[in-house]
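Only the coordinates and a few stated rules stand behind these numbers; no lab work does. Being a predicted model, the structure only gives us computed values, none of them experimental. Cβ sites come from the backbone with ideal geometry, for glycine too, and all protein chains shown count toward neighbours.
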Amino acid sequence: MTMINVIELKWNGPCSTDHIGHGLWVNKTKISIHLPIFKKSFDIITEYKETKMETLAENFYVEYYSDEGIERMSYLYCALNDLVFNESKYIGSNKNKFYTTIQAK
């Protein structure tokens, strides 16, 4: 078993542009990271080029409710300045947890 250091992501407000949390929000039922908010707390690239987004997306993980481990999130696409993943916020009525391996500033 490989150990990795992760930071739990905090949810944004009801809108992706609310300046609280780490940019984690739901975009049309899918988990998204709003990069302008995320980069205020974490060291990431300043340009959002499509070729770099897939590499950046490899640093996000999900812990499903009542599961004992985490797994890499499944990247779908980049929408303007959001990374959009295939995972959902809930399993039933239980909220999943989301993490990153990107270092905080």
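Table for the structure above
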read-out	value
Per-residue Cβ neighbour rank within 10 angstrom, fewest leading, TRP25, TRP11	TRP11, TRP25
Estimated FRET transfer efficiency (ILE4, SER74; beta-carbon r; R0 25 Å; 0.05)	0.90
Extension gain (nm, one decimal) between ALA104 and GLU54, 0.36 nm per residue minus Cα-Cα	16.0 nm
Projected label distance in nm at LYS89 and TRP11, using a 7 Å step from Cα toward the beta-carbon	0.5 nm
Summed side-chain charge close to GLU63 - residues other than GLU63 whose Cβ falls under 12 Å, Lys, Arg +1, Asp, Glu -1	-2
Hits among lysines - C-alpha to C-alpha of LYS97 under 23 Å, sequence gap 8 or more where chains match	LYS10, LYS28, LYS30, LYS39, LYS40, LYS89, LYS105
